[in-house]
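The values are calculated or read from the model by the stated rules, or taken from the named source; none is laboratory data. Computed from a predicted model, the values in this text were never measured in an experiment. Here Cβ is always computed from backbone atoms with ideal geometry, including for glycine, and neighbour counts include all displayed protein chains. Heavy atoms of the whole protein, side chains included, go into the accessibility calculation; ligands, DNA and RNA do not. Shrake-Rupley method; radii C 1.70, N 1.55, O 1.52, S 1.80 Å.
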Amino acid sequence: MANFRSLIYPLLLAAIAFTCHCQERKVYVVYMGNLPKEGVSVASHHTMLEDVLGSSSKAKESLVYSYGKSFNGFAAKLSEEEAAMFSEMEGVVSILPNTKLQLHTTRSWDFTGLPQNYLNLPHEGDVIVGVLDTGVWPESESFSDVGFGAPPAKWKGICQTVDNFTCNNKLIGARYYNSDNYYDDTDFKSPRDSEGHGTHTSSTAAGRAVPASYHGLAKGIARGAVPQARIAVYKVCWSSGCGLADILAAFDDAVADGVDIISVSLGSGYPSPYFHDPIAIGSFHAMKYGILTSNSAGNSGPYPVSVSNYAPWTLTVAASTIDRKFVSQVALGNGQTFTGNAINPFELNGTSYPMIYGGSAPNVSAGANADISRSCDTGSLNSYKVRGKIVLCDYIYDGSGVIEAEGLGNIMADYRYSDFAFSYPLPSTLLSIEDGAKVLDYIQSTDNPIGTILAGETWKDVSAPRVISFSSRGPNPITPDILKPDLTAPGVDILAAWSPVAPPSIYYADTTSVKYNIISGTSMSCPHASGAAAFVKAAYPNWSPAAIKSALMTTAYVMDARKNEDAEFAYGSGHINPMAAINPGLVYNATEQDYVEFLCNSGYNTTTLRIVTGDSSTCSGNSTGNAWDLNYPSFALSIPDGQSIRGTFHRTVTNVGSPNSTYYATVYAPSFQVSVEPSVLSFTSMGETKSFTVKVSGGVIAQQPIISGYIAWKDGVHVVRSPVVVYTVLPDGPVSINNAHEGPSMRHRNGIFGRI
């Protein structure tokens, strides 16, 4: 009997597990492309569900969202088998499991060249910036509506006034989405922000001008690019992440609500085809309605092919430094002083305290030894030895281990995160490995080592702007001949509004409450670009998303490749320059049809495209397999290893500068040849278009990461600059060997630690 049981019992368990797996239902999105001319109704989606699930009651219970405002589809709770049945149905483009995506200042706008005293643009109050994020803290002064009139007539959105959440004439709309219906203890079941991230990004893009600081650091005026613009928030992210079905629901609503710019500081940790990516899907349909989506490049740098959000109809934003950095110094009892990176508001008044090395204080009762305690992880330190002392730790951590052991301060030595600063819950600083070794030598060679951590300071960073290490890099993982990221913007040590219930430091249990906080990430650079796009939109309300994007890219400040070894794969066309973007001279415009042709050349078939576009779009069947002819403001040429450089691009520019003007082409390409034909473009009216051809050629190349140059059209007033990059790939295109890197391993609620 025992032998029978030992044989049959595992089989029974396996059978039960298989049965449970088959019955388990999860949220899936059934994406069905463009809205049909007759529109869609919840009933039509209900009928589809009923056909698969077998009853009306099951269909009603299963349906989570019905998308029908800007595109067609629905989200429903389905088993894998049921989802597979939908994937075989006519009219279904893709089935998407409800995966979780991650969230990716006083000085920053001045650094971009957009001064606070610029003349308000006549249509600024009509521009609506939609922000998909963690919600917002509506009582923040950054969202005050003092002096504001009623929202523009085009606004059709709502404010979900739940649990004392209110909107006003500045913050004109707010919605929240939670398809999993799971709420952590820290989550508000409303548009209110408990994470801080959404409040920070919203105020960065379009917040009011408000005196602010972080415990006295970075004191000045915090503001957005367009302080008179309106904000609508769509809470799609929670403590557990950002649901795919929720992101699509927010896009669907935002388009119908009447927003002008959509800002999305979140993304996936792995590449997906365009119509399996919720941000690519939502932004495609937003583009059709004249709305530009600005999104973050991701925090998986400096690894190559790590860029997130790479669809050509979106603006992809890298993160770079501004001319201010935060430091905190360590002063030892022997007179030595070392400078580290930290946003340290704590004041020890120069008083010296006993010091100890974490490796000398293991919590042996908890099973720790010196090799464990040297990292100062939570629970690893001996409180009897650490209490009241400043602790030297071998790695960066959130300070919880030192706090738990009743330590007074925290000195960390690590090679990671050396080019920007974090906030900590106790006096802290981060030193280089070399300086950390000197501090350790002092501690171990002195009977009674003492020292102090000085209060934080702000220093001028003369090397700015440079792309920060964590900012995700190109090349584009899906379409190698579209350069991504598109440009870079301030994303390091940015001061902006914050949720007072969210921890301000990297320690998740930090109960300190602040109204403004300093964090870093491409999440912070994205709203800078979103705000700059809103600034251009305020100047030219009728410009297309592609025209706005082109204006930002072709007028960007030129970055110094000597400070950024990945060159355009790090910063794209350059650093945003909002004031120049409102007078670009020429723009590279693109319509939905241009993107349809691009998708045809990318291998999509007529059947799929007609579902997505809702029209009679056709693919000729003569796919080029490249994106050379998409009217893009930059030029990228991927060459299979061992082949010669050959590529021909066709472009069209639209005159938005002087009616009578002549532009001359200037080419810089030290490592390959570039010809432009014609090399002179003459215009006699506004809105006139001219086309030209660019031929790129050169010798055989192999294992070439990136070589670059540029084309610039000049009329004596304007400089319309486009980078030209050439690099090698394997025959199947760029492949990232680092696609497991979704960001640094340390998890936290803000900035780099777990966000994009």
Any aspartates and glutamates whose Cα falls less than 15 Å from that of Lys69, other than same-chain ones fewer than 8 residues away, would be Glu38, Asp246, Asp252, Asp253, Asp257
Calculated from DSSP helices alone, with each H run of at least 4 adding -39500 (n - 2.57) and the total divided by the residues of the chain, [θ]222 nm to the nearest 500 comes to -6500 deg cm²/dmol
Phi-derived 3J(HN,Hα) across the range 134-140 with the Karplus relation (6.51, -1.76, 1.60, θ = phi - 60°), rounded Hz, x for Gly and Pro, is 8, x, 7, 9, x, 7, 4
Given a Förster distance of 51 Å, the FRET efficiency implied by the Cβ-Cβ spacing of Thr607 and Met686, rounded to the nearest 0.05, works out to 0.80
Between Asp185 and Thr624, Cβ-based FRET efficiency (R0 45 Å, step 0.05) works out to 0.25
Phi-derived 3J(HN,Hα) across the range 281-292 with the Karplus relation (6.51, -1.76, 1.60, θ = phi - 60°), rounded Hz, x for Gly and Pro, is 5, x, 6, 4, 6, 4, 4, 4, 9, x, 10, 8
Expressed in nanometres to one decimal, the distance between label points 7 Å along Cα→Cβ at Thr161 and Thr666 is 5.7 nm
Expressed as a whole-number percentage, the relative contact order of the range 46-101 with C-alpha contacts under 8 angstrom and at least six residues apart is 22 percent
Relative contact order of the range 350-451 (C-alpha contacts under 8 Å, at least 6 apart) in percent is 26 percent
Between Asp641 and Lys100, the two model label points (7 Å from Cα along the beta-carbon direction) sit apart by a distance in nm of 3.8 nm
Rh_Kirkwood(the chain) over Cα pairs, Å, one decimal, evaluates to 27.3 Å
Counting every C-alpha pair in the range 429-485, the percent lying more than 14 Å apart is 76 percent
Once the mean of 1/r over all distinct C-alpha pairs in the range 331-415 is inverted, the Kirkwood radius in Å reads 13.0 Å
Stokes-Einstein, Kirkwood over Cα pairs, the range 447-563, 37 °C, 0.692 mPa s; D in µm²/s equals 184 µm²/s
Computed curve, the range 102-257, Cα-only Debye sum without solvent term, log₁₀ I(q)/I(0) at 0.10, 0.11, 0.16 Å⁻¹, is -0.35, -0.43, -0.88
Rounded to the nearest 10 Å², the accessible area of Glu568 using a 1.4 Å probe with every protein chain kept is 10 Å²
Partner aspartates and glutamates whose C-alpha sits under 19 Å from that of Lys58, ignoring same-chain residues fewer than 8 away, are Glu24, Glu50, Glu80, Glu81, Glu82, Asp180
Here, the range 343-465 modelled as identical Cα point scatterers in vacuum has Debye log10 I(q)/I(0) at q = 0.15, 0.21 Å⁻¹ of -0.63, -1.21
For the range 19-167, Rg(Cα) over 2.2 N^0.38 Å is 1.48
Cα-Cα longer than 30 Å, checked against Lys37/Lys154; Lys563/Lys714; Lys37/Lys60; Lys156/Lys288; Lys154/Lys714, kept in input order, equals Lys154/Lys714
Here P(r) for the range 497-539, Cα-Cα distances in 10 Å bins, as whole percents, is 26, 35, 26, 11, 1
At R0 = 56 Å the Cβ-Cβ FRET efficiency linking Ser57 and Leu730, nearest 0.05, sits at 0.60
The simple spin-label model distance between Tyr270 and Glu38, using points 7 Å out along Cα→Cβ, in nm, is 4.0 nm
From highest to lowest solvent-accessible area (probe 1.4 Å; ligands, DNA and RNA excluded), His104, His46 read His46, His104
DSSP beta bridges in the chain: the antiparallel percent, rounded to 5, is 65 percent
Neighbours of Asp715 by Cβ distance under 15 Å: Lys/Arg at +1, Asp/Glu at -1, summed charge +2
Low-density loop chymotrypsin sites (Phe, Trp or Tyr not before Pro), the range 413-446, at most 16 other Cβ within 10 Å, DSSP non-H/G/I/E/B, are Tyr415
